[in-house]
Amino acid sequence: MKLYYSPGTCSFAAHIIAHELDLDLDLEKVDLKSKITAGGADYSAINPKGYVPALEIDQGILLTEGPAVLQYLAAQRPERNLLPAEGRIERYRVLEWLGFINSELHKSFTPLWHAESASATKDTAREILARRFRYLDHHLSTHRYLLGNAFTLPDAYCFTVVNWSNYLALDLAPYPNLQRYMNEIETRPAVEAAMAAEGLKKAA
Ligand SMILES: N[C@@H](CCC(=O)N[C@@H](CS)C(=O)NCC(=O)O)C(=O)O
């Protein structure tokens, strides 16, 4: 399998999960501006959506959309329970969190990444993110990980996305439980290995 990724972006969640599960995964870096891969290929021809992550499962079989990629990876090692079994409420909690992170958290960051976004749009994005962070902080006041005691798929995704706060000068100090959670996840061996492989620095 090969993961098309760009350092520190949402594809990082899939990279973490591959390390958590000791999966044999090739990596190919994509320049998201030029849409050229490290190997010199035209990424738009590989994935017409033009964004990462994309997982090449086999020649001609490409899976896109982060939540789907994460679920496919988890299914390679079901015994590790990063996505609990069909029928168990915990599975649907995982899906609930993946949906929340994908649509309510990940995409709320978008205006902050673009220098050309109007300042009012950026202010609105910061207000929305503050509400989401407050919700997460409250949840994490009584839960070690999103589902409770066990690390599961959405933790990798949540860590990846909330970590962007470091690059965008969003202060997490008002959210001590979220900070505790981020610090704990950052020290997981799989996260450290994926960070090193992508050349990412730990938060100061
Ligand atoms: N709907 C996609 C969105 C993925 C996405 O937003 N990827 C960003 C990086 S975090 C990207 O590649 N942006 C470049 C682009 O859209 O051209 C998913 O959930 O996987």
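Structural remarks
- FRET efficiency for the THR110 to ILE61 pair, using the beta carbon distance and R₀ = 25 Å, is estimated at 0.30.
- Taking all pairs of distinct alpha-carbon atoms in the chain, Kirkwood radius in angstrom: 17.5 Å
- Vicinal HN-Hα couplings computed from phi for the range 137-151 (Karplus, 6.51 cos²θ - 1.76 cosθ + 1.60; Hz; Gly/Pro x): 4, 5, 4, 6, 6, 10, 9, 5, 10, 4, 8, x, 7, 9, 6
- Taking a straight line from the alpha carbon of LYS35, these lysines sit under 20 Å away, with near neighbours fewer than eight places off in the same chain left out: LYS2, LYS49.
- Modelled this way, with points 7 Å down the Cα-to-C-beta line, the labels at LYS2 and ARG88 are 3.5 nm from one another.
- Listed from fewest to most Cβ neighbours within 10 Å, the set HIS114, HIS19, HIS139 follows the order HIS114, HIS139, HIS19.
- Inter-label distance, ASP26 to GLU127: 4.8 nm, where each label sits 7 Å from its Cα along the C-beta direction.
- The range 155-204 and the range 18-32: distance between their alpha carbon centers, rounded to Å: 18 Å
- Spin-label pair ARG80/SER119, simplified geometry with 7 Å Cα→Cβ offset, distance in nm: 4.6 nm
- Charge dipole (debye, nearest 20) of the range 83-188; +1 at Cβ of Lys and Arg, -1 at Cβ of Asp and Glu: 160 debye
- Longest exposed-site-free window of the chain, the sites being trypsin sites (Lys or Arg not before Pro) in a DSSP loop that have at most 16 other C-beta atoms within 10 Å: 145-200
- Rg/Rh, computed from the Cα trace of the range 80-159 with Rh as the Kirkwood radius, has the value 1.07.
- Cα centre as origin, Lys/Arg/Asp/Glu Cβ charges: the chain dipole, Debye: 500 debye
Read-outs: derived from the displayed coordinates by stated rules, not from any lab. On a predicted model such as this, the values are computed, not experimentally measured, just so you know. Because the Cβ atoms are built from the backbone with ideal geometry, glycine has one as well, and the counts that use them run over all protein chains shown.
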